[in-house]
1. Against the definition (facing another protein chain (nearest Cβ under 9 Å) and farther than 19 Å from B:M209 by Cα), how does B:D140 come out, yes or no?
2. With the requirement that a residue be under 24 Å from the mean Cα position of the chain (by Cα), over 29 Å from B:L61 (Cβ atoms) and in a helix (DSSP H, G or I), what does segment A:137-155 give you?
3. Of the conditions (1) of a type in the set (A, V, I, L, M, F, W, C); (2) part of a helix (DSSP H, G or I); (3) surrounded by fewer than 19 Cβ atoms within 10 Å (Cβ to Cβ); (4) not assigned by TED's automatic domain parsing to the domain that holds A:L388, A:M194 clears all except one; give me its number.
4. Looking at this structure, is B:G168 buried (at least 23 other Cβ atoms within 10 Å of the Cβ), of a type in the set (G, A, S) and not assigned by TED's automatic domain parsing to the domain that holds B:K71?
5. Which of (1) without any contact (Cβ under 8 Å) to a residue 24 or more places away in the chain; (2) farther than 22 Å from B:P155 by Cβ; (3) surrounded by 16 or more Cβ atoms within 10 Å (Cβ to Cβ) does B:K108 not meet, given it meets every other one?
6. Which of the numbered conditions does A:E341 fail, given that it passes all the others? Conditions: (1) over 23 Å from A:D278 (Cα atoms); (2) surrounded by fewer than 19 Cβ atoms within 10 Å (Cβ to Cβ); (3) not aliphatic (A, V, I, L, M).
7. Suppose the filter is modelled with pLDDT under 85, over 29 Å from A:F553 (Cα atoms) and in contact with a helix residue (DSSP H, G or I) (Cβ under 6 Å, 6 or more places away or on another chain); does A:K134 pass it?
8. All but one of (1) in contact with a strand residue (DSSP E or B) (Cβ under 8 Å, 6 or more places away or on another chain); (2) more than 14 Å from chain B (Cβ to nearest Cβ) hold for A:D209; which doesn't?
Amino acid sequence: MFDIVRNNRRVVQVFLVLIMLPFAFFGVESYISHLGAGDDIAKVGDNKITTQEFRQALREQQERIRASAQGRQIPPGVLDSPEARRAVLDTLINRHLLSDYARKAHFTVSDQALVQFISSVSSLQVDGKFSPEKYDAIVAAQSLTKEAFEARLRQDIVLQQAAAGISASSLTGKTSSALWVNPLFEEREVSSSMLKLDQYLSQVKLAADAAKTYYDAHSKDFEIPAQVRAEFVILSQAALMNQVTVSEADIKAAYDSHQDKYRQGAERRASHILILADKAAPEAKVAEAKAKAEGLLAQLKKNPKDFAKLAKENSQDPGSAAKGGDLDWFARGAMVKPFEEAAFSMKEGEISSVVRSDFGFHIIQLTGIRGDKGKSLADVRGEIEIELKQQAAAKKYAEAAEGFTNTVYEQADSLKPVADKYKLEIQQTGWIAKGVAGNGLASNPKLLAALFSDDAIKNKRNTEAVEVASNTLVSARVVESKPATSVPLADVKDAIEKQLTHEEARKLAIKAGHELLIRLFKGETVNLVWGEIKNISRINAEKMPLSSVDAIFKSSTSKLPSYAGATTPDGDFVLYRISKVTPHDGTGDQRTKALGNQYAQIVASEEFAAWLAALREKAGVEINQKLLETKEEK
Amino acid sequence: MAVYDLEEQEQLEELKTWWKQYGNAVTIAITIVALAAAAWQGWNWWQRKQAAEAAAVYVGLEQAIGSQDAKKSRELAGALIEKYPGTAYAQMGALLSARAQVEFGDSKTAHAQLQWVVEHGIDAMAKDLARLRLAALLLDEKSYDEALRQLTTPPQAALNARFSEMKGDLLSVQGKKTEAATAYGAAIASLDKAPKTDGPNPHAPYREMLQIKLDSLGLPVAAGAAK
């Protein structure tokens, strides 16, 4: 090997220079960032969105939906539909486009601007002021270092800046806005006349085989999916809890070895006399304060009972002085450190010597001690027992999991052996339909797939052990099954005929309606009964169906009366006569203004979408559709 | 080290000859590459520096607008345009300020700032947006012909709908209903042409708005291209 190097020294030297040069000028990242390709879900220009990044974003989105549902049932499919996946990916792509744009345009956030931003965030404030402690806590809660957190924040601000540059500057113009707002407020006086669906039903003549034709054409709608009823056993930590016992000795041992845990909550009650002398005070002041404190202490040594009186007269802590210096109960961490140390080292009734803190000089009298003893074994026995049982059950589960998996496979004709072996109960399901997401076990896709396999239905074998939740294994066995079938035509013939008749009648009503409209527009006298006159606008249509509102306001009103017609959701056809139009003059009342703002918003988001679309086209986006549809293995 | 065997001596000789022949060329090449890299880094550094300075002015501009300070916002936008014309902040600042100036009642400055972006903006999208917004201002001032002139050159494809809508607005206020309907119809058609995905359609509210503008013309349906 070294011979090669020696014999081709020059080649090697040139080669070394060649591979070193790029490092010198472009850094190491340019190499590393090209590694690990292959499972990218999308390519945005030169950047890649990895499957991992996508799944993380999807999970975060699902968490947000769950949190906002606040425990209400979320319809299946909302969390992981193709639409939801695509929306999450689009968001990621847009983010990449934006950050790419911001990078190329050299957008930056100065340290000063970052500081200003952080100190202005209300969730980082206490009493309207920036709180460094709260900031630290929030950074720590995201398990990030401060540098990483600030870098991410910087990035967010830059993205927001880039986005706002387009959408916040949107300028719509009053005229353009009014062209949308005014029609929304325009009022039209209308009266209506209805062609009821019912009166056309009798005119419908269905062909004798109409129902059959429909049934054949829509056979999918009449399918009944395969169903199974199954029995199953669950091996889980919870199921094993009842099978483990813990001895008194174990509980005692656990209690003894975790004394610290049961000894929390020590509290003290104290009174104090404070003579103020803060850290920055001049020395002479401090000395004066100290002398005063020493003097008081000397008085107290003679007459300890005067503590409350002296506190009232001399203490410079206005909160406690009035109460004779009493500070009430406090735990560790509540008081400044020197004070706390003194208080927690004193006996009840004792008076301390002069204690120096950042505030000044304290004389402390300890008035109460509690919580030191902690909880007795009897207090926490139940708690410890459950904890130990959980540990034992977890251990037992870990030991049993493999045996469970093997047993259901090796003795596949019955669940009884495995149930006996691990003392588990054989439970029954109700009927489960194929392809219909159910609750509980019936919602696990892997178990369902196993249950509807040939092996499970025809051979009546146990399914493999499926981990349906963490530390929960399930094996099921089909007890009874019904194959997929169809509803017989005879059962649905009437319903189909009724539906078809309705459809035909609807068409007849529409036809009649249109004929009437044509005659009305021609100015012919038509014998119709018009109902009461209503005054409606697009935004205040008095519960009129949307199709009717659309028809009325689409209608030309250059000549009055004008007419319009629309089908209601019930299938009736309604004719409208428009007798008066009151245009909106767009003067600035509150409502007009609000809608004007809405117009500005609609336009701003359209322009922003257009801007993103242009960025997207320029950068070039490729999506790996197959990866996008691939669900994560559970 | 001092003792070379024959083979190595030979190689050394060879190397020396090679260096005599190509040494200069290699040195020059390396120097050029190094200089080019340095120049590129320098150019980047300078651009970053400009951007950082412009960013500070831009933040000030945002704040001035936020506190309704018309004078200061005018000054800062002016400073951005004059000192950092090549940065994205300058065009963003001009667009942002133009909107604010309209709200402050100073449409003359707004005109000038939008015009600046049209002429000096650094990307096509910003230039098109500036033209569109200029047209909106001109429409408000009833300078229909001038407004229409802003829209003559076709924009980036993504802005087709907005440009068509603006044309429709211009025609509509001049009473040219049929032509306006054609323009609105074209706007809707270009939205419908945009690539579709499984995700939510970001253009839906805008499309609905266009439909109402179109419907309110009160023309027989056939006149508009959309259904």
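The values are calculated or read from the model by the stated rules, or taken from the named source; none is laboratory data. Just so it is clear, the structure is predicted and the values come from calculations on it, not from any experiment. Don't worry about glycine lacking a Cβ; one is built from the backbone with ideal geometry, like all the others, and counts go over all protein chains shown.
1. Details: facing another protein chain (nearest Cβ under 9 Å): yes; farther than 19 Å from B:M209 by Cα: yes.
Yes; evaluated as a whole, the condition is true for this residue.
2. Once the filter is applied, which keeps residues that are under 24 Å from the mean Cα position of the chain (by Cα), over 29 Å from B:L61 (Cβ atoms) and in a helix (DSSP H, G or I), segment A:137-155 yields A:A137, A:I138, A:V139, A:A140, A:A141, A:A148.
3. (2)
4. Numbers: buried (at least 23 other Cβ atoms within 10 Å of the Cβ): yes; of a type in the set (G, A, S): yes; not assigned by TED's automatic domain parsing to the domain that holds B:K71: yes.
Taking the combined requirement at face value, the residue satisfies it.
5. (3)
6. Evaluating A:E341 over (1) over 23 Å from A:D278 (Cα atoms); (2) surrounded by fewer than 19 Cβ atoms within 10 Å (Cβ to Cβ); (3) not aliphatic (A, V, I, L, M) leaves (1) as the failure.
7. Values: modelled with pLDDT under 85: yes; over 29 Å from A:F553 (Cα atoms): yes; in contact with a helix residue (DSSP H, G or I) (Cβ under 6 Å, 6 or more places away or on another chain): yes.
So A:K134 passes the test.
8. Only one criterion in (1) in contact with a strand residue (DSSP E or B) (Cβ under 8 Å, 6 or more places away or on another chain); (2) more than 14 Å from chain B (Cβ to nearest Cβ) is unmet by A:D209, namely (1).
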